[in-house]
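Novice: Structure incoming, see below.
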Amino acid sequence: MSGVLAILAAPFAALGRRFLGLLAEMGRMFLFFGEALLHIVSVPFSFRRTLDQVEFIGAQSIFVIALTALSTGMVLGLQGYYTLVDYGSEGLLGAVVANTLIREMGPVLTAVMVTARAGSAMAAEIGVMRISEQIDALETMEINPVRFLVTPRLAAALVSFPLLTAIFDVVGICGGYLTGSMLLSMNPYLYFYRVENSINLHDVTGGFVKSVFFAVVVIVVCSFSGYTTHTRQGGFGARGVSDSTTRAVVMSCVLILVFDYVLTSFIR
């Protein structure tokens, strides 16, 4: 009888172990973030490394952000126009495009694209440093690896993400203008009039707040995944770095969507 109960309970026991393991990893990740954040407000602070990361995370992402924003805005303009024209409300196209980009798609797609470009590289770089024992060498030289590797990236992301989100919003609205006004012959003055009158400071602030949360998610998840590569199966090798990078990108994108829903519930 006890053998039958053990067999029936085995799936639940495995699920419980997975859940407890997930909670433990979330706790370690939170402590990892707390340490990185603490070093931002403590001395010495490496401005040079932070500026390098602003250039890598922010400046080098401008092209892909602008390209994504332009195509997104043009698609929104096209789909929105054909939807609104059925109700005789095509004059509201500017409001639809601007609100969709500033409130939701701007922060989310910016974070996803930066994750794909910079977050994956970050996880792979730190993962290689871990398996090649460079992080151990930093500890031997009494250099805090989190301060040296993670804090400049976190500080740079907190600056870069809102600016990239602003670029995405502006370029996306211009993309909607190209479709609505230049391709579909909508009144351009009406388009920008609707944009101006439909957006308020609360909408813009809400998008920037989301971008700050997404910055923390991307940097912490990607850095932590690379930093703990050696703890995973096959961690000391190319397979471990590959798994850590894939895990970082997937988890970051999922958490971005989860946090977007939670933040939208509070920021109306």
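Read-outs throughout are calculated quantities, based only on the coordinates presented, and are distinct from any laboratory measurement. Remember, predicted model here, so these are calculated numbers, not experimental data. A quick note on method: Cβ atoms are made from the backbone with ideal geometry, for glycine too, and the neighbour counts reach across all protein chains shown.
Novice: Among the residues of segment 212-268, which ones are over 14 Å from the mean Cα position of the chain (by Cα) and among the polar types (S, T, N, Q)?
Specialist: S225, T228, T229, T231, Q233, S242, S244, T245, T246, T264, S265 - these are the residues of segment 212-268 that are over 14 Å from the mean Cα position of the chain (by Cα) and among the polar types (S, T, N, Q).
Novice: Oh, and also: Checking the structure you have, find out if any residue of segment 14-22 is among the charged types (D, E, K, R), within 20 Å of the chain's Cα centre (by Cα) and on the phi < 0 side of the Ramachandran plot.
Specialist: no
Novice: Within segment 198-211, is there a residue that is of a type in the set (K, R) and more than 19 Å from R28 (Cα to Cα)?
Specialist: Within segment 198-211, one or more residues are of a type in the set (K, R) and more than 19 Å from R28 (Cα to Cα).
Novice: Moving on to the next point. Take the conditions among the polar types (S, T, N, Q) and either closer than 30 Å to N187 by Cα or surrounded by 11 or more Cβ atoms within 10 Å (Cβ to Cβ) (or both) and apply them to S42. Does it pass?
Specialist: Criteria not met by S42.
Novice: Then there's this: Would you confirm, using the coordinates I've provided, whether T100 is among the hydroxyl-bearing types (S, T, Y) and under 30 Å from H39 (Cα atoms)?
Specialist: no
Novice: Next up: List, please: which pairs have Cβ atoms under 8 Å, are six or more places apart or on different chains, and start with a residue in segment 125-144 that is touching a residue at least 40 places away in the same chain (Cβ under 8 Å) and end with one that is loosely packed, with under 13 Cβ neighbours inside 10 Å and assigned to a loop (DSSP other than H, G, I, E, B)?
Specialist: Close Cβ pairs satisfying both conditions: I131/G237.
Novice: Here are the criteria: (1) surrounded by fewer than 15 Cβ atoms within 10 Å (Cβ to Cβ); (2) under 18 Å from S242 (Cα atoms). Tell me which single one Y87 does not satisfy.
Specialist: Only one criterion is unmet by Y87, namely (2).
Novice: For segment 179-188, name all the residues that are buried (at least 16 other Cβ atoms within 10 Å of the Cβ) and within 23 Å of D203 (Cα to Cα).
Specialist: Result: G180, single match.
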